[in-house]
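Notes for the one structure printed next.
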Amino acid sequence: MWKRDESVKPAAPPASSPAAAPSALAASTPAASEPRVHLGRDMVNIGKSVVIKGELSGSEDLTIEGHVEGRIDLKDNVLTIGPNGKIKAEVFAKSVVVLGEVTGNVTASEKVDIRDNGSVDGDIASPRVAIAEGAHFRGSVDMQRAGTKPSQSQSQPQQKPASQGQPPSQPQGQKVGV
Amino acid sequence: MAETTRSLTELFGFGSRRATDAEPAAEPVASAVESSYPTKALHKFIASLQGNDNPLLLDLGPVVGSNVTFFGEQLGCRLRVEDIAKDIDRHVKDGTLEQLPEFLARRFTQIPGTVDGVLCWDLLDYLDRPAAQALATALSALLKPEGCLLGLFSTAESREAVYTKYVIVDESTLRYRTYPASRPRQRSLLNGDIIKLFKDLRVTDSFLMKSKVREMLFRKPAPRN
């Protein structure tokens with residue numbers, strides 16, 4: 001679908017490349033020729049043989065197929081953890097798509113999407129969260145709707161808790177039916 | 001009355017298959033893809049959460065994406081997913097079921113008295129008595145005063161080794177989706193047994209559904225001054 005555009009960017013590291021710009025990066029690259037592939041748009045791919053320990057930050061969309069430990073900061077971009085990707089890190093991004101494994105807290109300003117076979121072990125903070133059937137998730141989800149009340153149309157809330165009395169049509173105790 | 005109940009049930013339907021009088025409710029089995037059933041307790045449980053700002057909800061079942069969306073996006077809950085079924089499976093596989101009560105007693109890391117609601121679903125049916133008691137005690141401690149717990153209890157004996165994912169269709173409908181378990185339900189808990197398990201909580205509602213599931217709502221009483 002995406003055609004590699006070799007004429008635009010060679011493998012030489014631009015200043016903004018997440019794989020090259022990290023502030024505290026201790027990368028070990030068993031296959032140095034594989035780590036980055038620049039596509040026609042601002043999008044970077046970290047190959048599956050790449051191991052990065054430290055802080056990863058940048059301003060391009062990023063796909064990780066390798067291992068990353070530490071912190072990933074892509075506040076304005078989309079982070080995709082590919083099926084081979086294994087992340088042990090605090091993750092901050094605009095959107096996060098998980099097809100691989102993430103251990104650590106994930107914060108996204110737009111959306112976290114855990115796909116089938118994707119795994120997240122950690123807390124998620126994002127206004128939108130999608131978890132596919134077959135995905136693994138253990139942790140908490142905070143959709144950060146501070147100041148927003150659930151719409152009344154979603155339900156007919158009974159504001160009085162049961163301890164303060166039930167409406168006459170809903171007597172306490174056992175009911176049989178339906 | 002039965003007619004009225006059925007009419008209301010149909011009124012809430014969204015075209016999904018559901019149990020009716022004409023078509024007796026079958027117990028969900030492994031071969032069933034999924035079936036939808038009415039629920040009476042869920043909307044009361046939700047109503048109890050809506051009095052709180054950003055309520056903290058503990059879901060003990062397997063993660064269901066649409067439930068996360070329902071509680072998180074639509075109701076503004078902070079949701080904590082703790083899949084107890086996986087814990088049971090692991091202990092069965094490792095042959096350490098005798099350690100399960102102790103494990104469950106220390107399973108939760110939340111501060112006692114901080115949880116607004118617990119979705120216990122039907123997990124107690126899969127536990128032996130000591131483990132069920134340990135889980136019930138731990139959950140009771142986690143709940144805030146006035147916090148609410150929703151439990152489902154099968155009234156039919158079944159030796160089929162399946163868990164059920166309860167997918168929320170809307171406030172009055174649950175879709176039951178079965179998947180393989182490492183052990184079947186242990187026994188049907190009687191009403192009195194359930195109440196004893198949650199002796200620190202008060203039963204506020206109990207519904208015996210045609211799906212052979214007893215839905216029970218518990219509430220933690222506020223401390224008396």
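Summary table below
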| item | result |
| --- | --- |
| Residues within segment A:113-139 that are in a strand (DSSP E or B) and either surrounded by fewer than 21 Cβ atoms within 10 Å (Cβ to Cβ) or more than 11 Å from every other protein chain (Cβ to nearest Cβ) (or both), tallied | 8 |
| Meets criteria (touching a Leu at 6+ places or on another chain (Cβ under 7 Å) and on the phi < 0 side of the Ramachandran plot) for B:Leu150 | yes |
| Verdict on B:Ser211 being closer than 24 Å to B:Leu49 by Cβ and among the small types (Gly, Ala, Ser) | yes |
| Options B:Leu174, B:Leu208; residue that is crowded, with 23+ Cβ neighbours inside 10 Å and in contact (Cβ under 8 Å) with a residue 40 or more places away in the chain | B:Leu174 |
| Of residues in segment B:188-198 being away from chain A (no Cβ under 14 Å) and over 16 Å from B:Pro145 (Cβ atoms), the one surrounded by the fewest Cβ atoms within 10 Å (Cβ to Cβ) | B:Lys196 |
| Residue ID - farthest from B:Tyr176 (Cα to Cα), chosen from residues in segment B:195-205 that are in contact (Cβ under 8 Å) with a residue 60 or more places away in the chain and touching a strand residue (DSSP E or B) at 6+ places or on another chain (Cβ under 6 Å) | B:Leu201 |
| B:Thr20 being within 7 Å of chain A (Cβ to nearest Cβ) and modelled with pLDDT under 85 | no |
| The lone exception for B:Pro223 - which of (1) within 14 Å of another protein chain (Cβ to nearest Cβ); (2) within 23 Å of B:Lys40 (Cα to Cα) it fails | (2) |
| Segment B:52-80, subset acidic (Asp, Glu) and outside any loop (DSSP other than H, G, I, E, B), residue modelled with the lowest pLDDT | B:Glu73 |
| First in segment B:145-170 and within 12 Å of chain A (Cβ to nearest Cβ), second anywhere and assigned to a strand (DSSP E or B) and of a type in the set (S, T, N, Q), Cβ under 9 Å, 6 or more apart | B:Cys148/B:Thr204; B:Lys165/B:Thr178; B:Val167/B:Ser36 |
| Extreme residue, nearest to the other protein chains (Cβ to nearest Cβ), among residues of segment B:31-68 that are over 24 Å from B:Leu124 (Cα atoms) and out of contact with any strand residue (DSSP E or B) (no Cβ under 7 Å at 6 or more places or on another chain) | B:Gln50 |
| Residue count, segment A:81-112 (criterion: assigned to a strand (DSSP E or B) and surrounded by fewer than 23 Cβ atoms within 10 Å (Cβ to Cβ)) | 13 |
| Selection from segment B:69-121 of residues that are in contact (Cβ under 8 Å) with a residue 24 or more places away in the chain, more than 13 Å from every other protein chain (Cβ to nearest Cβ) and small (Gly, Ala, Ser) | B:Ala105, B:Gly113 |
| Any hit, segment A:59-70, residues being within 23 Å of B:Val68 (Cβ to Cβ) and touching a strand residue (DSSP E or B) at 6+ places or on another chain (Cβ under 9 Å) | no |
| Failed condition for A:Lys48, given (1) outside any strand (DSSP E or B); (2) at pLDDT 95 or above | (2) |
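The values are calculated or read from the model by the stated rules, or taken from the named source; none is laboratory data. Because the structure is a prediction, the values reported are computed rather than measured. Cβ: placed from backbone, ideal geometry, glycine included. Neighbour counts: every protein chain shown.
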